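Report on one structure; see the data block that follows.
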Ligand code: NAI
């Protein structure tokens, strides 16, 4: 039986994934700001450091898999979204990587989002500022100040999910990841009925936008997304490396039908 760590394990998609893995006999180390094996606030550097240290201790330096899922959405402040969705995800992936390497054949899933393709007007510069931030978010926060409130929070959300997805795709094919036997992939859900989505939907600006989003197959439950994640964490998914798996009920295919796949010019 395998040992997994899950950030965001106390609620929603993380909690459903935890329940499924435990039901089949696996061990799960939960990381969350609410009561779990590792209880910490991932919005701070110190919180991330403690989360990594305690997880490494609890797994005795060896992890078979990781779900990096802790996150917040609009209308949470843009600064919190940047710190939790991007910085903390990246710190956790980097900090737990040695334990994943120790397993020899680890599977890792980062939760991205279809906001990466269905949210308009996210500046490329903002995504680049995150990817190059080296722990300092000042430039990204300054760029977000140009947007009206609370729209800045949805731009921040899509930018963090784009940046962490790109970070994962870059890392996934490197010697430190695939070269060390670690498969790193991203799941990009659409609307999933969780407390995070409820908070967005209860907001007077975002509620109507959410309700207007086309979802041909309807919203997902956390369990339906957890089923995909459990598969992506299993050895059956070992051929996937740096893949971004969209499971969004058809929103992206409706809004961006012909945007990809797309060829490129080779010179
Ligand atoms: P949720 O609110 O049910 O779960 C998020 C978990 O993250 C909670 O247990 C929360 O306590 C934890 N968390 C948040 N901030 C934290 C912090 N500072 N320190 C430690 N833990 C913290 O939400 P949901 O929907 O299950 O979200 C899971 C992931 O899925 C998030 O990354 C979210 O962005 C992503 N996602 C969700 C979608 C949705 O429609 N619900 C759609 C696409 C992606």
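All of the numbers you see were taken from the coordinates with simple rules; none came from a lab. Since the model is a prediction, treat every value here as computed from it, not as a measurement. When we count neighbours, we look across all protein chains shown, and the Cβ atoms used for this are built from the backbone with ideal geometry, even at glycine.
Enter the Cα centre distance for the pair region 97-152 and region 200-250, rounded to the nearest angstrom.
18
Would you mind ranking 62, 149, 161 so that the residue whose beta carbon has the fewest other beta carbons within 10 Å leads the list?
Values: 62 15, 149 12, 161 29.
With the fewest neighbours first, 62, 149, 161 line up as 149, 62, 161.
Taking the number of other C-beta atoms within 10 Å as the exposure measure, put 40, 239, 133 in order starting with the fewest. Spell out each step's value before the answer.
Details: 40 23, 239 7, 133 17.
In order of increasing Cβ crowding within 10 Å: 239, 133, 40.
For the chain, what relative contact order do you get, as a whole percent, if you take Cα pairs closer than 8 Å and at least 6 residues apart?
Here the relative contact order equals 21 percent.
How would region 155-267 be classified by its alpha-carbon gyration tensor: rounded, prolate or oblate, with rounded meaning a/c under 1.5 and the a/b versus b/c comparison settling the rest?
prolate
Given only helices, namely DSSP H runs of n ≥ 4 each adding -39500 (n - 2.57), what is the per-residue ellipticity at 222 nm of the chain, to the nearest 500 deg cm²/dmol?
That calculation yields -12500 deg cm²/dmol at 222 nm.
Given a cut-off of under 8 Å on Cα pairs at least six residues apart, what relative contact order in percent is computed for region 126-267? Let's see the in-between values first.
On the way: 134 pairs, mean separation 36.4, N = 142.
Relative CO of region 126-267 lands at 26 percent.
Could you tell me the calculated FRET efficiency between residue 145 and residue 19, based on Cβ-Cβ distance and R0 = 45 angstrom, to the nearest 0.05?
So the FRET efficiency works out to roughly 0.65.
How many nm separate the modelled label positions at residue 217 and residue 193, each set 7 Å beyond the Cα in the direction of the Cβ?
For the pair residue 217/residue 193, the computed spacing is 1.6 nm.
Give the span of region 1-95's Cα atoms along each principal axis, as three whole-Å numbers ordered largest to smallest.
39, 25, 20
Going 7 Å from the Cα of residue 241 toward and past its Cβ, which residues in region 147-184 have a backbone nitrogen under 13 Å from where you end up?
169-184
Which residue fluctuates most in the GNM of the chain (Cα springs below 10 Å): 162, 24, 44?
Its mean-square fluctuation being the largest, the pick is 24.
Rounded, prolate or oblate for the chain? Axes are the square roots of the Cα gyration tensor eigenvalues, ordered a ≥ b ≥ c, and the cut-off for rounded is a/c under 1.5. Can you show the working numbers first?
On the way: a/c = 1.36, a/b = 1.33, b/c = 1.02.
Rounded is the answer for the chain, as its axis ratio a/c remains below 1.5.
Rounded, prolate or oblate, given the Cα gyration tensor of region 72-225, with a/c below 1.5 counting as rounded?
Note, shape of region 72-225 comes out oblate.
Exposure proxy check: 248, 41 ranked by fewest other beta carbons within 10 Å?
Arranged by neighbour count, lowest to highest, 248, 41 become 41, 248.
Relative contact order of region 1-141, please, whole-number percent, based on alpha carbon pairs below 8 angstrom and at least 6 residues apart. Walk me through the numbers before you get to the answer.
Details: 208 pairs, mean separation 30.8, N = 141.
After rounding, I find 22 percent.
Springs between alpha-carbon pairs under 10 angstrom, Gaussian network model over the chain: which of 164, 151, 29 fluctuates most?
It is 151.
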